[in-house]
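Q: Before I ask anything, let me first share the structure, which is written out below as structure tokens.
The values are calculated or read from the model by the stated rules, or taken from the named source; none is laboratory data. Computed from a predicted model, the values in this text were never measured in an experiment. Accessible surface areas use protein heavy atoms only, side chains included; no ligands, DNA or RNA. Shrake-Rupley method; radii C 1.70, N 1.55, O 1.52, S 1.80 Å.
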Amino acid sequence: MTGVPKKRVSQRHQGERRSQIRLKLPSLVTCPNCHRLRLQHHVCPSCGYYRGRKVIETAAERRRSQR
Ligand SMILES: [Zn+2]
């Protein structure tokens, strides 16, 4: 089965549908470790902490250790 549209979607219909895309801003929360804004359910990009544990090496630390 190939996905072939039965009817052409009018420019208005297409615009109305696409008006709902990316309406909401990303849900930002404050990092409990460094108190900067980060995306919810994401590792903090500035300190590398997630759920009270250090999970990644941050860019600043990588520069310091010189790999
Ligand atoms: Zn942080």
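Q: By accessible area of protein heavy atoms, probe 1.4 Å, what ranking do Lys7, Lys54 get, highest first?
A: Numbers: Lys7 160, Lys54 80 Å².
Accessible-area ranking of Lys7, Lys54, largest first: Lys7, Lys54.
Q: For the chain, what is the relative contact order in percent, using Cα pairs closer than 8 Å and at least 6 residues apart in sequence?
A: Working: 43 pairs, mean separation 10.0, N = 67.
That works out to 15 percent.
Q: When only the heavy atoms of the protein chains count and the probe is 1.4 Å, how do Arg64, Arg53, Arg38 rank by accessible area, highest first?
A: Numbers: Arg64 175, Arg53 150, Arg38 30 Å².
Final ranking, largest accessible area leading: Arg64, Arg53, Arg38.
Q: If you don't mind, there's one more thing I want to ask. Based on DSSP H runs of at least 4 residues, each adding -39500 (n - 2.57), what is the mean residue ellipticity at 222 nm of the chain after dividing by all its residues, to the nearest 500 deg cm²/dmol?
A: On the way: 2 runs with 15 residues, N = 67.
Estimated from H runs of four or more residues: -6000 deg cm²/dmol.
Q: In 5 Å bins starting at 0, how do the alpha-carbon pair distances of the chain split up by percent?
A: 3, 14, 14, 12, 9, 8, 7, 8, 8, 10, 5, 1
Q: In addition: Quote the accessible area belonging to Leu28 in square angstrom, nearest 10, computed with a 1.4 Å probe and with ligands, DNA and RNA left uncounted.
A: Near enough 100 Å² of accessible area.
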